[in-house]
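Before any comments, here is the structure.
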Amino acid sequence: MGILSIILRNKNFIIGLIIASVIGIGAAYISSLKKSLTVAQAEKITLETQLQVSQSSVKQLQLSLDEQNAAIDKLKLDSDARIKFGQKELNKAKVESELYRRRAEDIMKVKPDPTLSICDAANALINSEISNAK
């Protein structure tokens, strides 16, 4: 009964000691929370800055991507135009080559004048083609 009687005689002191301990522990806990809050706020500022940099980079990348897409579209249009022009030129060349092929066939069908020598007949044929070309 010795401890119980000491506690009962000094109950105000012990209650004060318990209250002081609770207040001290509470103050330490509050101080710890304040430090955690300060650290969290600093991290928040850092993360917000990083987010702004990231968003800026995303905007720049999007602008670059839009520029590249526009350039690709322009290249495609230019390429399509060149293909169309090339096809027209190819068709024109085919028609022209057919014309020259027929003219060559016509020349090959010409019979030389038997009264002339081979050289004179060839010369006459050449001269007639030159006059036809004018």
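The figures follow:
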item	result
When residues of the stretch 64-119 are limited to those that are small (Gly, Ala, Ser) and at pLDDT 95 or above, the one farthest from Ile130 (Cα to Cα)	Ser64
Check on Ile126, at pLDDT below 95 and among the β-branched types (Val, Ile, Thr)	yes
Residue that is farthest from the chain's Cα centre (by Cα) [pool: residues in the stretch 110-133 that are among the hydroxyl-bearing types (Ser, Thr, Tyr) and surrounded by fewer than 10 Cβ atoms within 10 Å (Cβ to Cβ)]	Thr115
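The values are calculated or read from the model by the stated rules, or taken from the named source; none is laboratory data. Remember, it's a predicted structure, so these values are computed and weren't measured experimentally. When we count neighbours, we look across all protein chains shown, and the Cβ atoms used for this are built from the backbone with ideal geometry, even at glycine.
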